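Bear in mind that the values in this text are calculations on the coordinates, not laboratory data. Remember, it's a predicted structure, so these values are computed and weren't measured experimentally. Here the Cβ positions follow ideal geometry from the backbone for every residue, glycine too, while neighbour counts run over all protein chains shown.
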Amino acid sequence: MLSERQSCRRFKKGRSGALREVSKRVKGHMEQETGRFVGCDEYHKGVLDALRESDPHIYDLLRAEYERLQNTIQLIAAENQCSRAVLAALGSIVQNKTTEGFAGARYHGGCAVVDDIEQLAIGRAKEAFGAKYANVQPHSGTAANQIVVTAILQRADKILSLGLDQGGHLSHGARVSFTGKFFDVENYYVDKSTFLLDYDAIRTKAIQVKPKLIICGASAYSRTIDFGMFRVIADEVGAYLLADISHIAGLIAAGAHPSSIDHAHFTTTSTYKPGGPRGGLILMGRDFQTRIRAGERQITLAEHIDKTTFPGVQGTPYLNNVAAKAVFFQETLSEQYRQRQFAIISNAQRLAGALANRGYDVLTGGTDNHMVLVNVANLRPGLTGLVAQKALEQVGLIVNMNRLPYDTKAASVTSGLRLGTPIVTKNGMGHEQMDTIAGLIDTVLRGIKTAGDIEYSLDDSLKTSVKDEVVRLSQEFPMR
Ligand SMILES: *Cc1c(COP(=O)(O)O)cnc(C)c1O
């Protein structure tokens with residue numbers, strides 16, 4: 001892992017020339033403003049007013065969601081909270097632009113401005129992640145994976161990935177996903193006693209399976225992933241390596257988790273989990289010019305991924321999302337964002353420690369990232385992840401149940417909880433609040449009277465006192 005100082009150095013590197021060129025053009029666009037209509041600021045300022053007037057139902061629901069968020073504590077590891085600048089880009093008139101293709105090679109007119117937006121997004125993504133290639137068009141993390149998988153594999157080719165029940169993601173080959181439907185998927189597993197990735201076992205499995213694609217990266221794994229080791233294994237068996245860093249992309253951008261960029265052939269991520277708009281991203285490092293056979297021709301992996309994005313898998317890009325991604329990637333370059341990623345980990349470690357001290361079975365004994373996995377069935381034999389999630393929600397602690405590796409309970413109830421610290425950290429909480437939250441979780445989970453895997457009851461006075469404390473805490477740390 002990079003030390004804080006090393007990662008800081010990486011951040012002080014200058015702007016690339018291409019980005020400077022685009023910045024200059026932005027000024028040119030502005031000189032075309034005529035002022036014969038209501039200004040851009042005025043036009044956009046009316047967005048909430050317009051919603052309130054034209055659709056009071058949705059407006060009221062939006063307000064209800066705002067109130068919910070301000071009065072509860074968000075501990076879902078797969079969520080984050082974007083800035084208002086990102087929200088502004090998402091809700092802007094850029095959403096109206098239709099085009100197909102990529103900057104400079106579009107299939108519709110009027111793209112000069114959005115071309116610059118997309119190029120800025122690409123340049124900033126490359127800068128944020130130290131990548132040589134970035135594709136900002138994927139509509140989601142799942143779509144990013146679909147594009148890579150479609151580019152690399154033919155029907156019935158083999159994928160080797162972490163099983164869904166072990167912490168993997170649906171789009172890595174689960175039977176219910178397109179990946180499981182069209183490809184031959186084999187899984188590797190975490191060690192049964194330590195719950196850690198066992199690279200020797202993964203290598204053995206890779207040699208046996210001979211996959212064309214190995215996927216690493218997880219939705220529920222709280223320890224550092226050794227991308228370099230995965231690449232050694234991939235090279236040994238002649239496989240491509242896809243690193244899906246959705247959950248840890250922010251940590252990687254900040255140097256708080258080792259980067260996958262130059263190890264994996266392809267890195268994919270969702271853009272909302274690290275704190276940006278919803279959407280996906282595909283990155284490449286040193287392999288971006290590696291050649292691949294596409295029909296009769298040899299083309300680079302970069303060209304191949306572009307072509308597979310459009311027209312291969314997607315149609316028109318969501319340019320408002322692309323604009324919001326550009327805003328977000330810029331934010332990741334700030335010292336504030338970088339420091340926050342280290343604070344997110346520190347808070348997760350504090351939360352894990354506080355729960356362990358209270359007798360909780362924290363998987364792997366702690367965490368290296370933003371996530372804490374807890375086996376609640378080991379706290380109290382009758383307790384399920386589902387009951388724990390529901391009871392915590394009643395007091396305003398928002399978490400999700402999670403199937404744990406080798407879980408003995410059904411996927412619909414699970415033994416686990418997955419907690420995450422990105423949002424509480426963004427809102428300014430620190431170690432003191434992590435201790436408080438651990439105490440509140442403990443009070444609720446020990447207070448539950450279970451009645452099977454799904455039903456339970458919670459004492460009214462306990463509910464009221466914890467809920468009051470949660471409201472007090474969330475109002476002390478409002479959304480930022
Ligand atoms: C969340 C997640 C995704 C999916 O991203 P969406 O944008 O929700 O489709 C993909 N891979 C992993 C590992 C994830 O955790």
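Structural remarks
- Measuring r between the beta carbons of Lys132 and Gln298 and using R0 = 30 Å, the FRET efficiency lands at 0.95.
- Residues whose amide H comes within less than 5 Å of that of Val185, counting only those at least five positions distant or on another chain, are Ile159 (H built at 1.01 Å from N in the peptide plane).
- Taking a straight line from the alpha carbon of Lys97, these lysines sit under 17 Å away, with near neighbours fewer than eight places off in the same chain left out: Lys325.
- Set of aspartates and glutamates with alpha-carbon distance to Lys181 below 15 Å, sequence-local pairs under 8 removed: Asp157
- Of Lys126/Lys273; Lys45/Lys467; Lys426/Lys449; Lys24/Lys126; Lys132/Lys307, pairs whose Cα-Cα distance is over 25 Å: Lys45/Lys467; Lys426/Lys449
- Sequence-separation-based contact order of the chain, relative, with Cα cut under 8 Å and 6+ spacing, percent: 19
- Phi to ³J(HN,Hα) by Karplus 6.51 cos²θ - 1.76 cosθ + 1.60 over the range 365-373, Hz, x for Gly, Pro: x, x, 7, 10, 10, 8, 10, 10, 9
- The DSSP beta bridges internal to the chain are antiparallel in roughly 60% of cases.
- Rounded to 5, the percent of DSSP beta bridges in the range 339-476 classed as antiparallel: 100
- Shape call, the chain: gyration tensor on alpha carbons, a/c limit 1.5: oblate
- Summarising the amide proton neighbourhood of Asp244: residues at separation of 5 or more, or on other chains, whose placed amide H is nearer than 5 Å comprise Cys216, Gly217, Thr268.
- Peptide ranges 231-240, 135-144, 460-469, 420-429 listed from the most packed, as the mean C-beta count within 10 angstrom indicates: 135-144, 420-429, 231-240, 460-469
- The chymotrypsin sites (Phe, Trp or Tyr not before Pro) of the range 48-116 that DSSP puts in a loop, and whose beta carbon has at most 14 other beta carbons within 10 Å, are Tyr107.
- A cut-off of 5 Å between modelled amide H atoms, ignoring neighbours fewer than 5 places along the same chain, links Ala294 with Ile299.
- Across the range 208-219, coupling constants 3J(HN,Hα) worked out from phi with the 6.51/-1.76/1.60 Karplus curve, θ = phi - 60°, read 6, 7, 6, x, 8, 9, 10, 10, 10, x, 8, 9 Hz, and Gly and Pro carry x.
- Size of electric dipole in the chain: Cβ of Lys, Arg +1 and of Asp, Glu -1, about Cα centre, debye, nearest 20: 1020
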